[in-house]
Amino acid sequence: ASDSVVRIFVSLALITCIGCWPLISDDAVARVSSPDGRVDAILFERNGGATTSFGYRVELATRGSRRGKTAAELYGAVRNENAYGVDLHWLDDHTLVVECLRTETPPRAQGSVEVGGRGIQIVVKTGVEDKSAPDGGMLYNLHKH
């Protein structure tokens with residue numbers, strides 16, 4: 001009888017712990033192709049729940065790939081006072097610019113990333129405000145309409 005009581009207790013404890021586990025999402029929220037169309041910059045937004053800010057990861061991949069090589073990571077990035085996220089744009093086929101107003105921790109970026117046989121420079125710029133960015137997280141704004 002004591003074995004079954006222990007099993008029931010352990011099962012209830014596991015169910016309780018799983019119910020409290022934070023649901024972490026990691027979603028692609030933007031994709032921008034290089035001017036020649038050979039490389040894609042993919043922006044992922046990580047939502048760790050109410051007690052954390054959004055995390056952003058930029059990956060570079062050959063065109064159409066689902067995942068690539070990590071190029072930059074930014075935590076708590078905002079585009080304006082009410083909009084989380086970062087903006088991506090290409091200066092040319094070899095330079096990707098990652099912009100935001102500010103981050104909660106210093107951005108981490110690779111100096112350059114090799115994708116599809118070419119080196120791509122990563123430039124992170126803070127202090128750039130995107131007044132047109134909608135309020136909230138980027139995933140929320142992709143699906144709210």
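The values are calculated or read from the model by the stated rules, or taken from the named source; none is laboratory data. Predicted, not measured: the structure shown is a model, and the values here were computed from it. Glycine gets a Cβ as well: all are built from the backbone with ideal geometry, and neighbour counts include every protein chain shown. Areas reflect the complete protein model, heavy atoms only, side chains present, ligands, DNA and RNA absent. Shrake-Rupley method; radii C 1.70, N 1.55, O 1.52, S 1.80 Å.
Observations, loosely collected:
- Charge context of R57, other residues only, Cβ under 9 angstrom, K/R +1, D/E -1: -3
- Sparsely packed loop sites in segment 46-108 (the trypsin sites (Lys or Arg not before Pro) outside DSSP H, G, I, E and B with at most 10 other Cβ atoms within 10 Å) comprise R66, R67.
- Dipole magnitude of segment 14-145, debye to nearest 20 (Cβ charges: Lys/Arg +1, Asp/Glu -1, about Cα centre): 280
- Positive-end residue of H94, T105, Q121, charge dipole of segment 79-145 with Cβ unit charges: T105
- Apolar share of the accessible surface for segment 38-145: 46 percent from carbon plus sulfur atoms, 1.4 Å probe.
- Straight-line cross-link reach from K131 at under 12 Å between alpha-carbon atoms covers these aspartates and glutamates, not counting any fewer than eight positions away in the same chain: E81, D87.
- The residues packed around G137, meaning those with a beta-carbon under 12 Å from its beta-carbon, carry a net charge of 0 if Lys and Arg are +1 and Asp and Glu are -1.
- Local electrostatic count, L101, Cβ distance below 13 Å [Lys/Arg +1, Asp/Glu -1]: -2
- Cross-link partners of K144 among aspartates and glutamates, defined as those whose alpha carbon lies under 13 angstrom from its own and excluding same-chain residues fewer than eight positions apart: D135.
- Straight-line reach from K69: taking Cα to Cα under 24 Å and skipping same-chain neighbours fewer than 8 places apart, the lysines in range are K125.
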